[in-house]
Amino acid sequence: MAYDFNADEIFEMAVQVEKNGANFYKKSAEIASDKAEKELLLELSRMEEIHAKTFSSLRASLNDNEKESTVFDPDGEAVQYLKALADTRVFFEKQIDTSSLKDILKAAIIAEKDSIVFYIGMRDMVPGNLGKTRLDEIIKEEMSHIRILSSKLLKFKN
């Protein structure tokens, strides 16, 4: 059974993914022993919080068509499904060696790539009249996360 999503539902999930990322970095910072690494992880957490706000703003700018429900869903099961996806292993619930900043950055880059692939797939499930092209804004933002993380990781290449 095919189910079309709308841009509003995807943006809601994207906000949750960013919040998960912020929590991941905060938890990693709590166990980091090196002060510089702790500060970098807290900086990354703050960036994820900013990204969550960006996605919330983009979500708020959606028009009524992009928020239109595609099926009768009085219990909000579609949104619950997307939230479950955002909270699963697809993103920041993987086994990550948090004792090494280099490994944390590598895992974060992989998570960002996974999220891009996921959003590209979800884009195919959003009809044009329900905001399909708006998902490109999420993908573009996630690509910028990879650039930021990669620049941090490159500092380990001596």
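Leaving ligands, DNA and RNA out of it, work out the accessible area of residue 11 with a 1.4 Å probe and give it in Å² to the nearest 10.
About 0 Å², ignoring ligands and nucleic acids.
Along the Cα→Cβ direction, 7 angstrom out, place labels at residue 102 and residue 36. What is the inter-label distance in nm?
Modelled inter-label distance: 1.4 nm.
Structure shown: which of 113/155; 27/67; 102/132; 19/132 lie over 29 Å apart, alpha-carbon to alpha-carbon?
As for pairs spanning more than 29 Å Cα to Cα, those are 27/67; 102/132.
Charges at C-beta only: +1 for Lys and Arg, -1 for Asp and Glu. How large is the resulting dipole of segment 4-48 about its Cα centre, in Debye rounded to 20?
Rounded to the nearest 20 debye, it is 360 debye.
Mind checking the full-extension length gain between residue 57 and residue 150? Use 0.36 nm per residue of separation minus the Cα-Cα distance, one decimal, nm.
Between residue 57 and residue 150, full extension yields an extra 30.9 nm.
The values are calculated or read from the model by the stated rules, or taken from the named source; none is laboratory data. Quantities reported herein were computed from a predicted structural model and do not represent experimental measurements. Quick reminder, even Gly has a Cβ in these numbers, built from the backbone with ideal geometry, and neighbours come from all protein chains shown. Heavy atoms of the whole protein, side chains included, go into the accessibility calculation; ligands, DNA and RNA do not. Shrake-Rupley method; radii C 1.70, N 1.55, O 1.52, S 1.80 Å.
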